[in-house]
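Asks: Structure below; questions to follow.
The values are calculated or read from the model by the stated rules, or taken from the named source; none is laboratory data. Just so it is clear, the model here is predicted, and its values are computed rather than measured. With ideal geometry, Cβ positions are generated from the backbone for all residues, glycine too; neighbour counts draw on all protein chains shown.
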């Protein structure tokens, strides 16, 4: 898969249009539709997307992402996409919708197929929609496929809904709509060794500022390195020890005792175990952590 940060001439493509935050189940089906069309017509597929969330160019309240750009690219590649154009939205935000369609999409890609969601908008003031793409399909000689709303157990699969679930700590429900585990990736940094002194050493990470944050608490999940390890994950400010409100993601990795400072790891969340709260003393905290560890062991059949 080739990734481009700017436009170039690359004709006869099957295009998937969208920001695709989360690359959730509905996104996966939409992109796969474009990929399959390309395979059936012996052509290539491409995702046309943006490096930064377009919503943040219009709304005062910042929209946090579900996935990083690097994770997006991994998922696009896994779906079989040939090309990704991850563009700078600022270069196009003031273009009229028809101008964008003609001078960007048609001029550069001469697509044989365009696939977009039913709620896809583009152009200045969101003036373009799937209806415009459908209306100009014959004029510009491409097939247009509008992807309808997707639901799972009567819940609409959308990035907005997934962000809402994550912000409520409902990781398991969010994951069911994502089709993969919500995760955070970063370098392991040195902490104050408090967890190690308690007998539960942790790998410490900072949470990326542009990724949606879960409520403080203790979570069951996995750490992905060279292998996959179950983990008890604490996200919060360690109220029993620290009054600085310094946020930290800490993963106690089960059956693992190697030194990994500076290593990039991926922490994936499965479900919330409990809220974070201040304990009256160290012994009570240690007892609770052991209960958390025992819970994860039962979930992962570890002895």
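Asks: Does residue 36 satisfy the condition of being in the same structural domain as residue 89 (by TED's automatic domain parsing) and over 29 Å from residue 264 (Cβ atoms)?
Replies: Numbers: in the same structural domain as residue 89 (by TED's automatic domain parsing): yes; over 29 Å from residue 264 (Cβ atoms): yes.
Here the answer is yes, as residue 36 does meet what is asked.
Asks: Would you be able to say whether some residue in the stretch 66-78 is out of contact with any helix residue (DSSP H, G or I) (no Cβ under 6 Å at 6 or more places or on another chain), more than 30 Å from residue 269 (Cβ to Cβ) and surrounded by fewer than 20 Cβ atoms within 10 Å (Cβ to Cβ)?
Replies: Looking through the stretch 66-78, none of the residues is out of contact with any helix residue (DSSP H, G or I) (no Cβ under 6 Å at 6 or more places or on another chain), more than 30 Å from residue 269 (Cβ to Cβ) and surrounded by fewer than 20 Cβ atoms within 10 Å (Cβ to Cβ).
Asks: If you go through the stretch 144-154 one residue at a time, do you hit one that is in a loop (DSSP other than H, G, I, E, B), farther than 18 Å from residue 26 by Cα and assigned by TED's automatic domain parsing to the domain that holds residue 24? Steps first, please.
Replies: Just the residues of the stretch 144-154 that are in a loop (DSSP other than H, G, I, E, B), to begin with: 148-150, 153-154.
Next cut, farther than 18 Å from residue 26 by Cα only: none.
Looking for residues that are in a loop (DSSP other than H, G, I, E, B), farther than 18 Å from residue 26 by Cα and assigned by TED's automatic domain parsing to the domain that holds residue 24, one finds none in the stretch 144-154, hence no.
Asks: Still on this structure, I have one more. So residue 185 passes all but one of these: (1) in contact with a strand residue (DSSP E or B) (Cβ under 9 Å, 6 or more places away or on another chain); (2) farther than 18 Å from residue 224 by Cβ. Which condition number does it fail?
Replies: (2)
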